[in-house]
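Down below is the structure, laid out as structure tokens.
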Amino acid sequence: MANIVNAASRRDVLKISALTAVGGILGASRAGAAPKQMTMMHESSFIPAYDAYFKNTLAPAYEKATGIKIVYETVSVGSIQTRDTTVAETGTGPEMAQMAFNWPFLFDQKLVDVTDIAKIIGDKAGGWHANSAEAVVVNGKWKAIPFGNIGQLMNYRMDWFEEVGVKSFPETWAELLEAGIKLKKAGHPFGFELGHGFGDNHGWLYPLLWSFGAREVDKDGKTVAIDSAETAAAIDFCREFFQKTMFEDVLGWTDVSNNKAFLSEQISCTNNAESILYVAKRDFPDIGKVTGQAQNPKGPSGERFHMLNPWTHGIFTHTPDVQAAKDFMVWLMDPKQVAGWYDVADSYYGPFLHAYDDASFWHKEPRNLPYRDSMANSHLPGWPAPISRPQSESVAKYVVVDMFAKACAGKSTKEVIADASAQLKQIFKSA
Amino acid sequence: MSVERGGWRVRALKLWIPLGAFMLFTLFPFYWMAVTSIKPNSELYNRKIMPMIVYHPTLKHYVDLLTETNFLVWTWNTFLVAVVSTAISLVFGTMLAYPLARMKFAGSALISFAVAATYLVPQPLLFIPLADIINQLHLGDTLTSVMLTYPTLLVPFCAWLLMGYFRSVPVELEDAARIDGATRLQTIFRVFLPLCVPGFISAGIFAFTLSQNEFLYALIFLTQTDVRTVPVGAIAELVKGDVFYWGQLMAAALLGSVPVAVIYSFFVEHYVAGLTAGAVKQ
Amino acid sequence: MVGPPILFLCALVGYPFLYGIWLSLEDRPVAHAGTFVGLANFVADAHDPVFWRVTINTFVYTFFATILKMVGGLGLALVMNQNFRGKNLIRALMLLPFIVPTVLSTIAWMWMLDPGFSVINWLLKYFGLANPGPSWLGNPTLAMISLIIVNVWRGLPFYGITLLAGLQTISPDLYEAATIDGASTWHRFIYVTLPLLKPVIFIVTMFSIIFTFADFQLVYVLTRGGPANATHLFATYAFDIAMGGGQLGMGASVALAMLPPLALIIIAMSIYMKPNKS
């Protein structure tokens, strides 16, 4: 027994040290030369053509032009943040990666300052939208290049709305409530996510909050402002909205649930990105014909809001040749290249550059135009406070979502506000 | 069990009814998966029809799964990783279990505590430092990374399970062999280990299944489609945005599990036979 | 002989474990250097109402799931220990919930528990028992129950097969002797089967408790901790904080909160497994 054991362990040890040695040698030889290849990491798009376009059109074109191979690495949805985190933490892996939300802020110390190329790109394409900086500017420096906004808007069944006498999408939340009551009675309830998904929950609850004039935190980014009459009004409305137009399941919904419900004709209205219409047209043409998209309703403040859901591209500091990565980024975002990429995705990723405000892909499907128009009043969760660590903690802990969800499930408005306020004060203590 | 009295009624009560209940509970979801995997999308999203039967079965999901994705590659990867991880875990498990079960030596209590303590560290906590180690060994995106890390989850349990079995084997058998002149090593290999086959099979099944099933480490360490395992590959490529390709997902679930179950059925037979042949009586 | 495995575990578990403890004592935003803050994270956790909710959830979930699995598993093992045609195939089929990748079977359950599509609710509606049927994942209490059911579904085969193997190591002689002494089936069970199975039951249960307590995948796929934290467990909460919020130190502190209860279990097991136990 003893001999066998020792032999086995020796083999293992040898194997590990051999691998390390080989790895070390390989690593050393890579450091000096110009990059033969770089990797761009991206979340897999639900539009397969979008990923394919990069792999089959853009990457080969760049290789032909410069000799540098660009590898396109896709990561499953929901996992990109974990992957970005691991890459940032360990300092190895893809040179460039797609980020979302406020991650450029989270990873800011491991991201290269791209203020210079942001200016170049912006100048070439009509300038950046005002709110594109919200997600990428950290301490005055651009840490990522905004790519596209995945807007979250109202999706609704135009035919059923017409049946109850509502010819165009309601302008205000109050009107939407009225329509919902009629539709629920007609057997077509609403379904808005109140569970722990990534996007569809924040996508309507933050705009709801804002349109009532309520704020989570003040502009200074430190003072918790959630305890206010406006918040209470928003919560009371939400509770009524839930009870009169929806059904219990939505409390446990995740992002995929409302797509499923809409496409199986269970609900008449929800908020979502363009994915519902896209899949409907492809797989359920009859539903596709009667699906409409509209901007979020206005609140008592007279304003309407949307959630900003930006996809951005960052360059990690561990990149051996930063200039090569920057050059690629400039090339990629040049209208000659990126216009095709936007186009193939049928406007799912709304560009942040003004040059595309009237691009043809917006007109291919006129029902997508509200997504373009919503850009002007889209903001990140936590607005008007600037992005910060406590803010992302608040989002990760679903403070605002749970506040609304608990109220809908039965708790009193006073109680849920008190809970949320206490939680936020604890979180923002270090701000 | 020894003599059974009473006729078919007793048998129904003791066997068929409980077995039927368990089977319904256990296997109904698989029926569901099977039905879903052959339903065309139009039926899948139709809430009005009877969900348990298929009106226009289609093999489209299976075809798409096998031709448009790397499913077969993932299956091979999963199998390879599971076999290697299981082998390592059983070997290490035995190396820990035998001394702790049979021999007296200083520090044994500490060792059993240390082994047990590995489970105090949950995966969501471990994976960041582990990612660090894996990257420093330049093993990212290789199957070796998971082959090395999966045993961390498996070895302690294998050790415990094997210890339990080892202890239940009477020492007399080994003593008898030693008296007959066998060395300790020979005793272990010829007398002891064969008696513990049920234990190895149980531990092996556990280890193999858990390796197959593992998700978090595979998610972090394996990001290229060629090296992915089935759980990660299926989720990565069959879930796009907030759109699930339900039919293909269910097809993947079935293709990933039923063949393994069939293979297991052979082992089940083996360990029963191994036990009765082992003749504890003799 | 114990050398290699111990070294292996030290390197791949011990070191990360110590690193994890260190993390929990730091304020460590992702991709930033950490600053030592002592027990500040734990203090913050103690003031976090969600943290206490998570604690209750995890205990409730673990307790009920384990009891159901233990009783069910034992029952399953006893049933399967009998001789019948197709025994091997059925035994293998019963293992399926354990074999199928958890992620995928959980997605199947997601569909089955969605009242809009659930075949369960469909049947209830069909027989006029309920309309539209319970909201399995929307109602907070039902959501926890659903989670427990899915966990039991997944874990039952494991209990069953391990206990079955344990049953098969019990020599038939002992049963014969007991029968000769006049023991009934029930007595045979209590005085022969159970005592001899005790070691195996103990190990499997302790193990199951540990894994269930630290469960992640099931909740992550099914509810992600919703509705309103009704199903959030330590592992999922720690993950959200660390990976979602970018707070590695705080996430580690939540994950480490699992330590005291787990440690108690581990100590119990170690005492049991100390050598020289006859």
- Do you know the relative contact order of chain A, to the nearest whole percent, from alpha carbon pairs under 8 angstrom that are 6+ apart? 24 percent
- Set of lysines near C:Lys69 by C-alpha distance (under 29 Å), chain-local residues within fewer than 8 positions excluded: B:Lys14, C:Lys87, C:Lys198, C:Lys274, C:Lys277
- Message: Which residues among segment A:224-262 fall inside the zone where the amide N is under 18 Å from a point 7 Å beyond the Cα of A:Lys185, along Cα→Cβ?
- Response: A:240-247
- Efficiency by 1/(1 + (r/R0)^6): what FRET value for A:Ala133 and C:Ala263, r their Cβ-Cβ distance, R0 = 41 Å, to the nearest 0.05? 0.25
- Query: Any idea how far the Cα center of segment A:301-333 sits from the one of segment B:49-100, in Å?
  - Reply: 37 Å
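Over 32 Å between Cα atoms: which of A:Lys110/A:Lys411; A:Lys260/A:Lys429; A:Lys260/A:Lys397 fall into that group? Mind showing how you got there, number by number?
Values: A:Lys110/A:Lys411 42 Å; A:Lys260/A:Lys429 40 Å; A:Lys260/A:Lys397 25 Å.
Flagged as over cut-off: A:Lys110/A:Lys411; A:Lys260/A:Lys429.
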- Task: Kyte-Doolittle cut-off -0.5, length cut-off 24 Å along the helix's own axis using Cα: show which whole DSSP H helices in chain B pass.
- Result: B:17-37, B:71-102, B:143-168, B:246-278
- Query: How about B:Lys60: which aspartates and glutamates have a C-alpha closer than 13 Å to its C-alpha, ignoring those fewer than 8 places off in the same chain?
  - Reply: B:Glu68
- For the protein assembly as shown, calculated [θ]222 nm from helices alone, where every DSSP H run of n ≥ 4 adds -39500 (n - 2.57): -18500 deg cm²/dmol
- Note on the structure: If N is the residue count of segment B:62-277, its Cα Rg over 2.2 N^0.38 Å rounds to 1.20
- Anchor A:Lys119: aspartates and glutamates whose Cα lies under 15 Å away (excluding residues fewer than 8 positions away in-chain): A:Asp327, A:Asp334
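Net charge near A:Val330, counting Lys/Arg +1 and Asp/Glu -1 over other residues with Cβ under 15 Å of its Cβ?
Residues close to A:Val330 contribute a combined charge of -3.
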- Angle between the Cα long axis of helix A:229-245 and the longest principal axis of chain A, 0 to 90 degrees, nearest 10? 80 degrees
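Tell me the relative contact order for chain C as a rounded percent, counting alpha carbon contacts under 8 Å between residues six or more apart.
Values: 301 pairs, mean separation 82.3, N = 278.
That works out to 30 percent.
When a/c reaches 1.5 or more, the comparison of a/b and b/c decides; with that in mind, is the protein assembly as shown rounded, prolate or oblate per its Cα gyration tensor? Mind dumping the intermediate values first?
Values: a/c = 1.90, a/b = 1.47, b/c = 1.29.
Prolate is the answer for the protein assembly as shown, as a/c is 1.5 or above and a/b outweighs b/c.
Which shape class, rounded, prolate or oblate, goes with chain C when its Cα gyration tensor gives a ≥ b ≥ c as root eigenvalues, a/c under 1.5 marks rounded, and past that a/b bigger than b/c marks prolate?
Here chain C falls in the oblate category.
Please work out how much length the chain gains when fully extended from A:Asp218 to A:Lys336, using 0.36 nm per residue of separation minus the C-alpha to C-alpha distance, in nm with one decimal. Could you put the intermediate results ahead of the total?
Values: separation 118, 0.36 × 118 = 42.48 nm, distance 4.14 nm.
Once the chain is fully extended between A:Asp218 and A:Lys336, it gains 38.3 nm.
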- Taking the Cα centre of chain A as origin and charging only Cβ (+1 Lys, Arg; -1 Asp, Glu), how large is the dipole, in debye to the nearest 20? 940 debye
- Projected onto the charge dipole of the protein assembly as shown (+1 at Lys/Arg Cβ, -1 at Asp/Glu Cβ, origin at the Cα centre), which of B:Val239, C:Ala235, A:Ser264 gives the Cα projection farthest towards the positive end? C:Ala235
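Suppose every K and R has +1 on its Cβ and every D and E has -1 on its Cβ; what is the size of the dipole of segment C:20-257 about the Cα centre, in Debye to the nearest 20?
On the way: 11 positive and 10 negative charges, 132 e Å.
For this selection, approximately 640 debye.
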- Note on the structure: Using alpha-carbon positions, the gyration tensor of segment A:42-188 gives root eigenvalues a ≥ b ≥ c; with a/c under 1.5 called rounded, otherwise prolate if a/b exceeds b/c, else oblate, the class is prolate
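Laboratory data are not the source of any read-out in this text; all were calculated from the coordinates shown. Because the structure is predicted, anything quoted here is derived from the model rather than measured. Glycine gets a Cβ as well: all are built from the backbone with ideal geometry, and neighbour counts include every protein chain shown.
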